[in-house]
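Quick notes on the structure that follows.
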Amino acid sequence: MPELPEVETVCRGLAKALTGLRFVEVEQHRADLRAPMPKNLAARLKGRRIVAIKRRAKYILIGLDNHETLLLHLGMSGRVIVSHEKTTSGKHDHLIFHFDDGAIVTFNDPRRFGLCDLIRDTDVSQHRLLRHLGLEPLEKDFTPEALAELLKGKKTSIKIALMDQRLVVGIGNIYASEALFRAGISPKRQAGKCRAQDIAVLVPAIRKVLNDAIRAGGSSLRDYRQADGELGYFQHHFAVYGRAGQPCPGCTCDTPRTGGIKQITQGGRSTYYCPVRQG
């Protein structure tokens, strides 16, 4: 599933290409994805101008000039691609947006776990998909003190806690592993027992790994593409994720003895870490 850096990269690409443009046509090829699409979507979007595009957690929020917001979620395999060349729609091209400058935006989702909704601006923060969401890790209120308060009393592992969208949003499986490696914290450590000095290192590590990934255009492992169709490149900079049995960057460990980077399962997902550096 695309995580925060991938969704942020897509949002920035869409904002650059579409802000100020008007919808002139909407092709809707399905009535639903993970949930039913809004009624009369094409008619409600036609003629509307895009005033802003931003991200909340892993959701794309496209603000319109009639004080409504088009909400999109990429699900497990979704892509939102901008082009200026009209082509025959593919089997999994469920929504195609046409704009007044000739831009065409295609929402492609083979597994149909994505979402589309159209809501009033005043209802965004209390939308059923958004109202429970936690802190944004790139915003100024994501501080060591704030994270320590959220983790207080948590008996789950720190890795699982970081992936809990009710606490902190957008840090998925990849970036939780990478941030914990940078902070030198074992993913198995109980979240509520993390010391203040650990959290003081973890918060900037989270920010740094997310910003590094955004600069690289995100991570393309399977389906993800940037808004212009290009791959992301952060997967070439993973320190631990997907590298079981290999030495970690700048390794001074006895890899033949330790076995290198370890892979374990937490919450049904693979976790990667260095048992020497992340004691």
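The values are calculated or read from the model by the stated rules, or taken from the named source; none is laboratory data. Every value quoted in this text rests on a predicted model; they were computed, and no experiment measured them. Reconstructed Cβ throughout: ideal geometry from the backbone, glycine too, with neighbour counts over all protein chains shown.
Brief remarks on what is shown
- Exactly one residue among 159, 155, 208 is assigned by TED's automatic domain parsing to the domain that holds residue 244 and more than 18 Å from the chain's Cα centre (by Cα), and that residue is 155.
- Selected residue (criterion: surrounded by the most Cβ atoms within 10 Å (Cβ to Cβ)) from residues of region 11-31 that are of a type outside the set (A, V, I, L, M) and part of a strand (DSSP E or B): 23
- Residues of region 32-70 that turn out to be of a type in the set (D, E, K, R), in contact with a strand residue (DSSP E or B) (Cβ under 8 Å, 6 or more places away or on another chain), over 18 Å from residue 101 (Cα atoms) and part of a loop (DSSP other than H, G, I, E, B), as a count: 2
- Residue match in region 32-52 (condition: touching a Ser or Thr at 6+ places or on another chain (Cβ under 8 Å), buried (at least 17 other Cβ atoms within 10 Å of the Cβ) and at pLDDT 95 or above): yes
- In region 156-184, of all residues being assigned to a helix (DSSP H, G or I) and among the charged types (D, E, K, R), the one that is surrounded by the fewest Cβ atoms within 10 Å (Cβ to Cβ) corresponds to 182.
- With respect to (1) surrounded by fewer than 18 Cβ atoms within 10 Å (Cβ to Cβ); (2) within 30 Å of residue 27 (Cβ to Cβ); (3) of a type in the set (A, V, I, L, M), the lone exception for residue 95 is condition (1).
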